[in-house]
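Engineer: Questions regarding the structure given below will be posed in turn.
The values are calculated or read from the model by the stated rules, or taken from the named source; none is laboratory data. Note that the structure is predicted; figures quoted are calculated from it, not measured. Please note: Cβ atoms are built from the backbone with ideal geometry, for glycine as well, and neighbour counts cover all protein chains shown. Note: accessible area is taken over every heavy atom of the protein model, side chains too, but ligands, DNA and RNA are not part of it. Shrake-Rupley method; radii C 1.70, N 1.55, O 1.52, S 1.80 Å.
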Amino acid sequence: LSDYGIRAELTAAPRSGILRFTYPADPHARIQIDLARRVGGTSVMQAVKVVGENAIEGWMRCTAEGGGWGNGAGRPDYTVYFYAEFSRPLENFGVWSLDIPDGARRHHQDFDADFLKAMENVTVLPGCREREGEHLGFYAEYPTQTGEQLLLKAGISFVSIEGAKKNLGAEISDWDFERVRGQARDQWQRELSRITVEGGTQAQRTAFYTALYHAMIDPRMFSDVDGAYPGGDGKPHMTGKYTRRTIFSGWDVYRSAFPLMTLVAPGIVTDTINSLSDLAVESGKNYLERWEFLNAYSGCMNGSPAVTVIADAYAKGLRNFDTAQAYHLARRTCERFGNGRFGYRPGQISDTLEHGLAEWCLSEISRALGNDEDARIYRERSQAYRRLYNPDSGWFAPKDAKGQFIQQPRGLLDDNGCTECNALQQG
């Protein structure tokens, strides 16, 4: 942090992290923790409490009112619990509280521009040991000599403060920053070593492994070290059979990243199928979400990508999931979101072809399970793409509710009736 002459280093374990700050000589070296701000907005309520001589604990409540994924459109509703320890006893510490005006919007584009100005009127509460509010922060201040280091480590949980404390204790029990850093490197080295590439340039190999790293970030672990996780019903649950995972951007990953994972990291795939299936039951929705994050059914994008993921996994011999439950939910998903009474989606190329693909995948699962009648029904439905093929143009075009082509696409690169693509790509 060049403005202050502070070196900041950060590394992580699966459910916890540790930070190391190297300070110049200063009587007021400080660590400040803003408990409200998050990616895309703010949490709407927070709590913090000093516990013991060097620790704090609390939580951050995150809902759509504070923005977040899709600027709140994804309807997030979760709480992050934390337990954190400082490497030195707390001496000069406190809480700050920012009053949020009634009716104020807290999405990032509304809040960021006014944040620094609003902070000029923040209420500082020196020595405060416990507080709950709409925009809180915590600070700890120490005198330091040149080169002196302060460390902060924290565990998080989506279930409870106790879970966050257990996660930290299990993963970072000491203050050995280099050990944690080394373990993180070793873990990623093991994951990236699932594929070995030869040839090409150094830049090409770097691009390859960077892409593989990105592919393996999500769906990420959602359960604590003891198997506890927040269910779709808002209650704590325990899993011993699989690792609960979250952030399934289905439409983005079903045709590329997940077929790769079935070959190099099949456990991620079966974890995800189990997670989506159990979430559907816990939430009472009884269908597989196409774009899930932190138990939220965002409804984003189109098609039924989870059905395709299940079919691909089953076809490749993966069985470490509840096949009967997954099949039942796949059927309900296709019945709910399929091409309906028209046999196509009026005005939509993407929706029609995506749902047709999911129904073909369901027919393949049905055939493999010996459900011949279902296999026949869904194979017939999967032919919906034929209804949008325009022989005059030799390609696909959208139809209206009366079965008439709405307009001839201006060319194969036209996006008419397509989602984030053009007619050539979707076809």
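Engineer: Would you check the accessible area of S193, probe 1.4 Å, heavy atoms only, in square angstrom rounded to 10?
Structural biologist: Only protein atoms counted, so the area is about 70 Å².
Engineer: Compute the acute angle (0 to 90°) between the alpha-carbon long axis of helix 161-171 and the principal axis of greatest extent of the alpha-carbon atoms of the chain; round to the nearest 10°.
Structural biologist: Helix 161-171 sits at roughly 90 degrees to that axis.
Engineer: Turning to a different aspect of this structure: Ignoring everything except DSSP H segments at least 4 long, calculate the 222 nm mean residue ellipticity for the chain; use -39,500 (n - 2.57) per segment, divide by total residues, nearest 500.
Structural biologist: The helix-only estimate for the chain comes to -10500 deg cm²/dmol at 222 nm.
Engineer: Separate question: Largest first, what is the accessible-area ranking of T419, T352 with a 1.4 Å probe?
Structural biologist: Putting T419, T352 in descending order of accessible area: T419, T352.
Engineer: Would you mind working out the accessible area per residue for the stretch 255-373, using a 1.4 Å probe, and quoting it in Å²?
Structural biologist: Averaged over the residues of the stretch 255-373, the accessible area is 37 Å².
Engineer: Sticking with this one: May I ask which of K49/K241; K235/K316; K165/K241; K49/K235 have a Cα-Cα span longer than 31 Å here?
Structural biologist: From the list (K49/K241; K235/K316; K165/K241; K49/K235), the Cα-Cα distance tops 31 Å for K49/K241; K235/K316.
Engineer: Given +1 on the Cβ of Lys and Arg, -1 on the Cβ of Asp and Glu, and no further charges, what dipole in debye does the chain carry about its Cα centre, rounded to the nearest 20?
Structural biologist: Rounded to the nearest 20 debye, it is 1200 debye.
Engineer: Give the accessible surface of the stretch 84-236 per residue, rounded to a whole number of Å², with probe radius 1.4 Å and ligands, DNA and RNA excluded.
Structural biologist: So the stretch 84-236 comes to 57 Å² accessible per residue, rounded to a whole number.
Engineer: For the stretch 362-376, in order, what is each residue's ³J(HN,Hα) by Karplus, 6.51 cos²θ - 1.76 cosθ + 1.60 with θ = phi - 60°, in whole Hz (x at glycine and Pro)?
Structural biologist: Those phi angles translate into 5, 5, 5, 4, 4, 4, 5, 8, x, 8, 5, 5, 4, 4, 5 Hz.
Engineer: Just to be sure I understand: with springs between alpha-carbon atoms less than 10 Å apart, which residue in G267, G417, G182 has the highest mean-square fluctuation in the Gaussian network model of the chain?
Structural biologist: G182
Engineer: Still on this model: Can you run phi through the Karplus equation (6.51, -1.76, 1.60; θ = phi - 60°) for the stretch 274-282 and list ³J(HN,Hα) in whole Hz, with x for Gly and Pro?
Structural biologist: 4, 5, 5, 5, 5, 4, 4, 6, 4
Engineer: Skipping prolines and chain starts, which residues have an amide H placed within reach, meaning under 5 Å, of the one on G231, given they are 5 or more residues away or on another chain?
Structural biologist: Close amide H contacts, sequence-distant or interchain: H237.
Engineer: With θ set to phi - 60° and the Karplus curve 6.51 cos²θ - 1.76 cosθ + 1.60, what are the ³J(HN,Hα) couplings of the stretch 185-201 in order, to the nearest whole Hz, using x for Gly and Pro?
Structural biologist: Once θ is set to phi - 60°, the couplings for the stretch 185-201 become 4, 5, 5, 5, 4, 4, 5, 6, 7, 5, 10, 10, 10, 10, x, x, 9 Hz.
Engineer: For the chain, set up a GNM with springs between Cα atoms under 10 Å and report which of L150, L294, L136 has the largest fluctuation.
Structural biologist: L150
Engineer: Accessible area of the chain with a 1.4 Å probe: how many percent of it is carbon plus sulfur?
Structural biologist: 50 percent
Engineer: Roughly how large, in nm² to one decimal, is the mean projection of the convex hull of the alpha-carbon atoms in the chain?
Structural biologist: 25.6 nm²
Engineer: How much accessible surface does C128 have with a 1.4 Å probe, in Å² rounded to 10?
Structural biologist: In the full protein context, C128 sits at about 30 Å².
Engineer: Continuing with the same structure: Can you give the accessible area of R205 in Å² (nearest 10), computed on protein heavy atoms with a 1.4 Å probe?
Structural biologist: Counting only protein heavy atoms, R205 exposes about 80 Å² to solvent.
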